[in-house]
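Report on the structure given below.
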Amino acid sequence: MAQDQRFFVLHDRFFLYFCTTMIKIGNIATFLRVTLLAAMLGMVLTACDDEPEFRITGIVDGLGTRHISMIYAADGELHTVTTTAIDGKFSLTGSSRDYTLVELLSPQGKVFSRLLAKNGQNIKCRLDIDDPYKIELKGSKPTEQWAKFLTKNHDLLTDGTGEMINGAIEEYVSANPGNILSSLMLLTMYDATDNESKTSTLFASLDPEARPDKLVAGYRLLLSQNNNAAINTKVKPLTLKNAKDSVERFVPLRTSYTLIYFSSGAKVKPDTINTKILSAYDRYLRRNLRVMEISFANDSAQWRRSIENDTLKWARSWVPGGAASPAFYDLSIPRVPYFILSDSIGNQVYRGSSISIAIDSLDNRLSTKRK
């Protein structure tokens with residue numbers, strides 16, 4: 001007999017014995033009260049287990065009265081729910097029997113927050129549309145722990161290098177192999193570029209319940225949709241302000257290839273990246289290669305501090321709003337540093353986090369056009 005069947009048989013035998021004993025001793029009133037309480041408790045527990053939805057409610061600072069959407073995977077499909085926030089206040093409802101990654105999107109379709117949810121949970125939050133690491137969450141232990149990690153590491157996640165962020169995640173994962181948040185961090189924040197072996201080792205170190213297959217499969221489904229749309233987007237002409245407050249225009253047709261480098265504006269300067277870009281910059285004529293560095297620093301003052309002592313030769317710009325800027329919405333830049341290599345008609349011949357792969361791709365195409 002299966003374990004759950006044995007449980008119900010024993011449960012029924014105990015309940016029959018209990019009823020008979022209560023009646024024999026004449027305490028019928030007590031019997032009725034206890035029976036009613038047990039029935040009500042059973043109904044409550046069943047309702048909790050079978051709750052067909054989860055709910056996310058809260059306030060998004062900076063959203064105002066505009067649309068807000070969420071996208072998540074459940075039962076092998078992607079689901080999108082949209083509502084109108086009133087003065088930043090919103091309520092969204094979804095359904096997933098297992099933990100799923102929920103992405104919240106701005107009116108422009110840019111992801112500005114992520115969290116875990118499953119049926120039966122009522123998650124309350126306070127978010128910021130311009131700062132994904134400024135977050136307050138209540139409603140379940142994983143969501144509250146997620147908010148705590150993001151808040152504690154706000155400055156690191158905002159200004160730190162990829163290596164520094166990876167280090168913080170590795171430390172958390174090593175200390176919390178049984179926590180589902182470890183999977184969430186590895187999936188959404190860990191940069192596995194040129195580091196696939198270590199990433200696999202970290203995932204393998206997690207307890208099975210901390211890396212549920214449905215959570216991983218759901219995130220891959222989200223990722224594939226975002227990547228497919230972004231990869232097929234052509235890089236359009238841009239007009240930006242450079243470090244000298246002059247207008248910097250980018251027009252793909254003016255050069256064979258353009259390397260666009262999206263940087264963080266971190267105080268720690270990415271010398272390795274700059275060295276590799278400079279080497280390629282010096283190898284090719286400007287009609288064959290142009291480099292544009294676009295900073296996603298929080299503000300122009302932070303950006304200017306990060307470049308004040310630099311003598312780099314390529315164009316450097318800053319845009320308010322970073323990746324959420326309308327100029328880059330269709331490109332869906334997931335993190336920084338990030339690189340896009342564009343040809344003369346705006347096709348993306350490479351996009352990703354590896355400057356080495358970007359330069360290799362460039363060299364393969366321009367190997368006969370060096371200075």
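Here the scattering of the stretch 285-333 is modelled by Debye summation over its C-alpha atoms, one equal scatterer each and no solvent; at q = 0.21, 0.29 Å⁻¹ the log10 of I(q)/I(0) is -0.82, -1.07.
Among the listed pairs K89/K134; K110/K152; K118/K141, a Cα-Cα separation exceeding 18 Å is found for K110/K152. Between E53 and G120, the built amide H atoms are under 5 Å apart, and every one of these is 5 or more places off in sequence or on another chain. The relative contact order of the stretch 270-320, computed from alpha carbon pairs under 8 Å that lie at least 6 residues apart in sequence, is 40 percent. Spacing of the modelled spin labels on T84 and D363, each 7 Å from Cα toward Cβ, amounts to 5.6 nm. Applying 1/(1 + (r/R0)^6) with R0 = 45 Å to the Cβ-Cβ distance of K214 and T311 gives a FRET efficiency near 0.30. Bridgeable aspartates and glutamates around K236 (alpha carbons under 15 Å apart, same-chain partners fewer than 8 residues away excluded): E248, D330, D343. For W314, the solvent-accessible surface computed with a 1.4 Å probe is close to 10 Å², ligands and nucleic acids excluded.
The values are calculated or read from the model by the stated rules, or taken from the named source; none is laboratory data. Bear in mind that the values here come from a model prediction, so they are computed numbers and not experimental data. Virtual Cβ from ideal backbone geometry, glycine too; neighbours counted across all protein chains shown. Remember, those area values only see protein heavy atoms, side chains included, never the ligands or the DNA or RNA. Shrake-Rupley method; radii C 1.70, N 1.55, O 1.52, S 1.80 Å.
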